[in-house]
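Single-structure report; data block below.
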Amino acid sequence: MLLLTGGPRNVRSLWFGPDGRTLVAGNWDGVARRWRLDAPATPAGLGRDDADAGRDEPPTDPRVRLVTVGRNRRYDEYGYTDGRWTVAADPDCYPQAVAVLADGERFVAAERASDAAEAWLCVRSLADGAELLRLPFRYASAVVLAAVPDSARVVGTAGGRLLVWDCDAGTVQEVPGRGRKLWRDLAAHPDGRRVAAVNNTPHVSLLDPRAATVAVEFGPGAGPLTAVAVSPDGLLWAAAGSEGRVAVWDDDG
(Lines give C-alpha, C1' and ligand atoms only; values in the text may rest on other atoms or scores of the structure.)
Protein backbone atom coordinates (compact mmCIF):
# COMPACT_ATOMS: atom_id res chain seq x y z
CA MET A 1 0.00 0.00 0.00
CA LEU A 2 1.31 3.43 -0.98
CA LEU A 3 -0.21 6.61 0.45
CA LEU A 4 0.35 9.73 -1.65
CA THR A 5 -0.01 13.20 -0.13
CA GLY A 6 -0.19 16.72 -1.48
CA GLY A 7 -3.17 16.05 -3.67
CA PRO A 8 -6.26 18.23 -4.17
CA ARG A 9 -9.10 18.00 -1.69
CA ASN A 10 -12.56 16.77 -2.65
CA VAL A 11 -11.25 14.80 -5.62
CA ARG A 12 -13.81 14.41 -8.39
CA SER A 13 -11.78 12.44 -10.90
CA LEU A 14 -8.85 10.03 -10.66
CA TRP A 15 -7.04 8.47 -13.65
CA PHE A 16 -4.00 6.36 -14.42
CA GLY A 17 -1.93 7.24 -17.46
CA PRO A 18 -1.50 4.73 -20.31
CA ASP A 19 1.76 3.47 -18.79
CA GLY A 20 -0.01 2.58 -15.54
CA ARG A 21 2.64 4.45 -13.53
CA THR A 22 1.31 7.99 -13.77
CA LEU A 23 -1.64 9.07 -11.66
CA VAL A 24 -3.69 12.28 -12.00
CA ALA A 25 -6.26 13.58 -9.51
CA GLY A 26 -8.44 16.63 -9.99
CA ASN A 27 -11.42 18.41 -8.51
CA TRP A 28 -13.91 21.11 -9.42
CA ASP A 29 -11.47 24.02 -9.02
CA GLY A 30 -9.72 23.26 -12.33
CA VAL A 31 -6.39 22.35 -10.71
CA ALA A 32 -5.02 18.80 -10.71
CA ARG A 33 -2.04 16.94 -9.27
CA ARG A 34 0.05 14.42 -11.16
CA TRP A 35 2.30 11.79 -9.59
CA ARG A 36 4.91 9.54 -11.11
CA LEU A 37 4.64 6.44 -8.96
CA ASP A 38 8.40 5.89 -9.21
CA ALA A 39 8.85 9.34 -7.57
CA PRO A 40 5.67 9.77 -5.47
CA ALA A 41 7.09 12.41 -3.11
CA THR A 42 7.08 15.11 -5.81
CA PRO A 43 3.59 15.62 -7.25
CA ALA A 44 3.37 18.08 -10.14
CA GLY A 45 0.65 20.71 -10.23
CA LEU A 46 -1.45 21.19 -13.33
CA GLY A 47 -3.06 24.62 -13.60
CA ARG A 48 -6.18 25.71 -15.41
CA ASP A 49 -4.30 26.26 -18.67
CA ASP A 50 -2.93 22.73 -18.55
CA ALA A 51 -6.38 21.32 -17.79
CA ASP A 52 -7.96 23.22 -20.67
CA ALA A 53 -5.31 22.37 -23.25
CA GLY A 54 -6.63 19.93 -25.82
CA ARG A 55 -9.98 19.55 -24.11
CA ASP A 56 -11.88 19.77 -27.39
CA GLU A 57 -9.37 17.86 -29.50
CA PRO A 58 -10.34 14.37 -30.71
CA PRO A 59 -8.02 11.44 -29.98
CA THR A 60 -5.33 10.89 -32.61
CA ASP A 61 -5.16 7.12 -32.14
CA PRO A 62 -7.58 5.62 -34.71
CA ARG A 63 -8.40 2.76 -32.32
CA VAL A 64 -9.89 5.12 -29.74
CA ARG A 65 -13.61 5.77 -29.59
CA LEU A 66 -14.84 8.46 -27.23
CA VAL A 67 -18.37 9.72 -26.63
CA THR A 68 -19.03 12.85 -24.62
CA VAL A 69 -22.21 14.48 -23.38
CA GLY A 70 -22.70 17.96 -22.01
CA ARG A 71 -25.23 20.54 -21.02
CA ASN A 72 -26.07 21.08 -24.68
CA ARG A 73 -28.02 17.79 -24.46
CA ARG A 74 -26.24 16.19 -27.38
CA TYR A 75 -23.79 13.34 -27.83
CA ASP A 76 -20.45 13.95 -29.58
CA GLU A 77 -18.35 11.05 -30.83
CA TYR A 78 -14.64 11.30 -31.52
CA GLY A 79 -12.41 8.66 -33.01
CA TYR A 80 -11.33 6.81 -36.10
CA THR A 81 -10.03 8.86 -38.97
CA ASP A 82 -13.34 8.87 -40.84
CA GLY A 83 -14.63 11.85 -38.87
CA ARG A 84 -17.08 12.27 -36.03
CA TRP A 85 -20.79 12.60 -35.52
CA THR A 86 -23.05 14.61 -33.28
CA VAL A 87 -26.55 13.50 -32.38
CA ALA A 88 -29.08 15.35 -30.26
CA ALA A 89 -30.72 13.53 -27.38
CA ASP A 90 -34.50 13.26 -27.27
CA PRO A 91 -35.90 16.74 -26.57
CA ASP A 92 -37.80 15.52 -23.51
CA CYS A 93 -34.78 14.00 -21.75
CA TYR A 94 -31.51 14.96 -20.11
CA PRO A 95 -28.43 12.74 -20.70
CA GLN A 96 -26.44 12.27 -17.50
CA ALA A 97 -23.61 9.81 -18.15
CA VAL A 98 -22.16 7.69 -20.96
CA ALA A 99 -19.96 4.60 -21.26
CA VAL A 100 -18.68 2.71 -24.32
CA LEU A 101 -19.43 -1.02 -24.26
CA ALA A 102 -16.69 -3.62 -24.60
CA ASP A 103 -17.78 -4.65 -28.11
CA GLY A 104 -16.68 -1.24 -29.43
CA GLU A 105 -19.90 -0.97 -31.42
CA ARG A 106 -22.32 0.43 -28.84
CA PHE A 107 -22.40 2.94 -26.04
CA VAL A 108 -24.89 3.36 -23.20
CA ALA A 109 -26.34 6.60 -21.91
CA ALA A 110 -28.17 7.25 -18.67
CA GLU A 111 -31.05 9.57 -19.52
CA ARG A 112 -33.92 10.98 -17.50
CA ALA A 113 -37.13 12.72 -18.45
CA SER A 114 -37.13 16.50 -18.26
CA ASP A 115 -39.77 16.33 -15.53
CA ALA A 116 -37.66 13.76 -13.60
CA ALA A 117 -40.63 11.39 -13.55
CA GLU A 118 -38.71 8.48 -15.06
CA ALA A 119 -35.24 7.41 -16.17
CA TRP A 120 -33.78 4.82 -18.48
CA LEU A 121 -30.56 3.40 -19.85
CA CYS A 122 -30.36 3.91 -23.60
CA VAL A 123 -28.15 1.65 -25.73
CA ARG A 124 -26.97 3.49 -28.86
CA SER A 125 -24.88 2.67 -31.93
CA LEU A 126 -21.32 3.98 -32.00
CA ALA A 127 -21.60 4.24 -35.79
CA ASP A 128 -24.20 7.00 -35.79
CA GLY A 129 -25.69 7.40 -32.30
CA ALA A 130 -28.97 5.74 -33.24
CA GLU A 131 -31.05 4.31 -30.37
CA LEU A 132 -30.97 0.49 -30.27
CA LEU A 133 -32.56 -0.38 -26.93
CA ARG A 134 -34.11 1.40 -23.96
CA LEU A 135 -33.99 -0.16 -20.50
CA PRO A 136 -36.24 1.64 -17.98
CA PHE A 137 -35.56 1.69 -14.27
CA ARG A 138 -37.41 3.18 -11.38
CA TYR A 139 -34.88 5.63 -10.01
CA ALA A 140 -34.90 9.08 -11.56
CA SER A 141 -31.18 9.81 -11.49
CA ALA A 142 -28.07 7.97 -12.64
CA VAL A 143 -24.79 9.58 -11.74
CA VAL A 144 -21.93 7.29 -12.80
CA LEU A 145 -21.62 4.47 -15.33
CA ALA A 146 -18.79 1.96 -15.86
CA ALA A 147 -18.75 -0.53 -18.76
CA VAL A 148 -17.48 -3.98 -17.79
CA PRO A 149 -14.74 -5.32 -20.12
CA ASP A 150 -15.39 -8.54 -22.07
CA SER A 151 -19.15 -8.34 -21.55
CA ALA A 152 -22.27 -6.34 -22.33
CA ARG A 153 -22.70 -5.38 -18.67
CA VAL A 154 -22.71 -1.88 -17.26
CA VAL A 155 -22.52 -0.98 -13.58
CA GLY A 156 -24.14 2.26 -12.53
CA THR A 157 -25.45 4.29 -9.64
CA ALA A 158 -29.08 5.35 -9.54
CA GLY A 159 -31.20 6.70 -6.73
CA GLY A 160 -28.44 5.96 -4.23
CA ARG A 161 -28.27 2.33 -5.32
CA LEU A 162 -25.82 0.16 -7.28
CA LEU A 163 -27.27 -1.48 -10.39
CA VAL A 164 -25.95 -3.89 -13.02
CA TRP A 165 -27.46 -3.82 -16.51
CA ASP A 166 -27.01 -6.55 -19.13
CA CYS A 167 -27.40 -4.79 -22.47
CA ASP A 168 -27.72 -8.05 -24.41
CA ALA A 169 -30.33 -9.65 -22.16
CA GLY A 170 -32.12 -6.37 -21.49
CA THR A 171 -32.13 -6.90 -17.72
CA VAL A 172 -31.16 -4.92 -14.64
CA GLN A 173 -30.19 -6.19 -11.16
CA GLU A 174 -29.81 -4.23 -7.96
CA VAL A 175 -26.77 -5.08 -5.83
CA PRO A 176 -28.37 -6.30 -2.57
CA GLY A 177 -27.57 -5.05 0.89
CA ARG A 178 -26.03 -1.75 -0.16
CA GLY A 179 -28.92 0.52 0.89
CA ARG A 180 -29.20 4.12 -0.23
CA LYS A 181 -25.75 5.70 -0.37
CA LEU A 182 -24.13 8.54 -2.26
CA TRP A 183 -22.07 6.44 -4.66
CA ARG A 184 -19.49 8.79 -6.12
CA ASP A 185 -17.33 6.80 -8.56
CA LEU A 186 -16.79 3.41 -10.21
CA ALA A 187 -13.84 1.68 -11.88
CA ALA A 188 -14.00 -1.64 -13.79
CA HIS A 189 -10.97 -3.94 -13.73
CA PRO A 190 -9.74 -5.04 -17.19
CA ASP A 191 -10.45 -8.69 -16.35
CA GLY A 192 -14.18 -7.91 -16.17
CA ARG A 193 -14.59 -9.74 -12.85
CA ARG A 194 -14.47 -6.77 -10.46
CA VAL A 195 -15.78 -3.23 -10.25
CA ALA A 196 -14.66 -0.89 -7.47
CA ALA A 197 -17.17 1.58 -6.01
CA VAL A 198 -16.73 4.41 -3.48
CA ASN A 199 -19.43 6.31 -1.62
CA ASN A 200 -17.89 9.10 0.48
CA THR A 201 -16.93 6.71 3.28
CA PRO A 202 -13.39 5.40 4.02
CA HIS A 203 -14.22 2.08 2.32
CA VAL A 204 -13.87 0.65 -1.19
CA SER A 205 -16.46 -1.93 -2.28
CA LEU A 206 -15.35 -4.49 -4.87
CA LEU A 207 -18.36 -6.06 -6.55
CA ASP A 208 -18.73 -8.99 -8.91
CA PRO A 209 -20.73 -7.67 -11.90
CA ARG A 210 -21.70 -11.19 -13.00
CA ALA A 211 -23.41 -12.01 -9.70
CA ALA A 212 -24.36 -8.40 -8.83
CA THR A 213 -22.93 -8.84 -5.32
CA VAL A 214 -20.19 -7.14 -3.27
CA ALA A 215 -17.35 -9.60 -2.72
CA VAL A 216 -14.91 -7.50 -0.68
CA GLU A 217 -15.04 -4.25 1.28
CA PHE A 218 -11.99 -2.60 2.85
CA GLY A 219 -10.52 0.74 3.91
CA PRO A 220 -7.28 1.82 2.17
CA GLY A 221 -6.60 4.61 4.69
CA ALA A 222 -7.16 7.73 2.56
CA GLY A 223 -10.20 9.08 4.43
CA PRO A 224 -13.69 9.51 2.94
CA LEU A 225 -13.40 8.42 -0.71
CA THR A 226 -14.89 10.19 -3.71
CA ALA A 227 -12.91 8.76 -6.67
CA VAL A 228 -11.42 5.40 -7.67
CA ALA A 229 -9.32 4.16 -10.59
CA VAL A 230 -7.56 1.06 -11.90
CA SER A 231 -4.46 1.02 -14.11
CA PRO A 232 -4.84 -0.08 -17.76
CA ASP A 233 -2.79 -3.24 -17.08
CA GLY A 234 -4.92 -4.05 -14.03
CA LEU A 235 -1.92 -4.24 -11.69
CA LEU A 236 -2.76 -1.22 -9.51
CA TRP A 237 -5.81 0.37 -7.90
CA ALA A 238 -6.06 3.89 -6.50
CA ALA A 239 -8.65 5.80 -4.45
CA ALA A 240 -8.82 9.42 -3.32
CA GLY A 241 -11.21 11.64 -1.41
CA SER A 242 -11.68 14.80 0.59
CA GLU A 243 -8.44 14.91 2.60
CA GLY A 244 -5.76 15.37 -0.09
CA ARG A 245 -4.48 11.79 0.16
CA VAL A 246 -4.43 9.09 -2.53
CA ALA A 247 -4.09 5.40 -1.68
CA VAL A 248 -2.46 3.10 -4.25
CA TRP A 249 -2.36 -0.67 -3.82
CA ASP A 250 -1.47 -3.80 -5.76
CA ASP A 251 -4.17 -5.91 -7.32
CA ASP A 252 -4.18 -9.35 -5.71
CA GLY A 253 -6.71 -10.92 -8.10
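Brief remarks follow.
- Residue in the stretch 233-243 that is farthest from the chain's Cα centre (by Cα), counting only those that are surrounded by fewer than 19 Cβ atoms within 10 Å (Cβ to Cβ) and over 19 Å from VAL144 (Cβ atoms): GLU243
Here is a yes/no grid of residues against (1) surrounded by fewer than 23 Cβ atoms within 10 Å (Cβ to Cβ); (2) of a type in the set (Gly, Ala, Ser); (3) at pLDDT 90 or above; (4) in contact with a Ser or Thr (Cβ under 6 Å, 6 or more places away or on another chain):
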| site | (1), (2), (3), (4) |
| --- | --- |
| HIS203 | yes, no, yes, no |
| LEU206 | yes, no, yes, no |
| PRO209 | no, no, yes, no |
| THR213 | yes, no, yes, no |
| ALA222 | no, yes, no, no |
| LEU225 | no, no, yes, no |
| VAL228 | no, no, yes, no |
| SER231 | no, yes, yes, no |
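- Residue within the stretch 197-208 that is among the small types (Gly, Ala, Ser) and closer than 29 Å to LEU3 by Cα present: yes
- Checking each residue in the stretch 171-200 for being polar (S, T, N, Q), surrounded by fewer than 20 Cβ atoms within 10 Å (Cβ to Cβ) and in contact with a Lys or Arg (Cβ under 8 Å, 6 or more places away or on another chain) picks out only ASN200.
- Selection from the stretch 200-217 of residues that are part of a strand (DSSP E or B) and hydroxyl-bearing (Ser, Thr, Tyr): SER205, THR213
- For beta carbons closer than 9 Å, sequence separation of 6+ or different chains, a first residue in the stretch 118-132 that is in the same structural domain as VAL154 (by TED's automatic domain parsing) and a second that is basic (Lys, Arg) and not in a strand (DSSP E or B), the qualifying pairs are GLU118/ARG138; ALA119/ARG138.
- Residue in the stretch 40-51 that is modelled with pLDDT of 70 or more, touching a strand residue (DSSP E or B) at 6+ places or on another chain (Cβ under 8 Å) and farther than 30 Å from ASP115 by Cβ present: no
- Scan the stretch 139-170 for residues that are polar (S, T, N, Q) and modelled with pLDDT of 90 or more and the total you get is 0.
- Taking (1) surrounded by 23 or more Cβ atoms within 10 Å (Cβ to Cβ); (2) under 25 Å from PRO8 (Cβ atoms); (3) not β-branched (Val, Ile, Thr) in turn, LEU162 satisfies each apart from (2).
- Filter pass, ALA197 being in a loop (DSSP other than H, G, I, E, B) and either at pLDDT 95 or above or within 16 Å of ALA147 (Cα to Cα) (or both): no
- Leading residue by the ranking (modelled with the highest pLDDT) among those in the stretch 244-253 that are part of a loop (DSSP other than H, G, I, E, B) and either under 15 Å from the mean Cα position of the chain (by Cα) or buried (at least 18 other Cβ atoms within 10 Å of the Cβ) (or both): ARG245
The values are calculated or read from the model by the stated rules, or taken from the named source; none is laboratory data. Note that this is a predicted model, so its numbers are computed, not measured. Cβ: placed from backbone, ideal geometry, glycine included. Neighbour counts: every protein chain shown.
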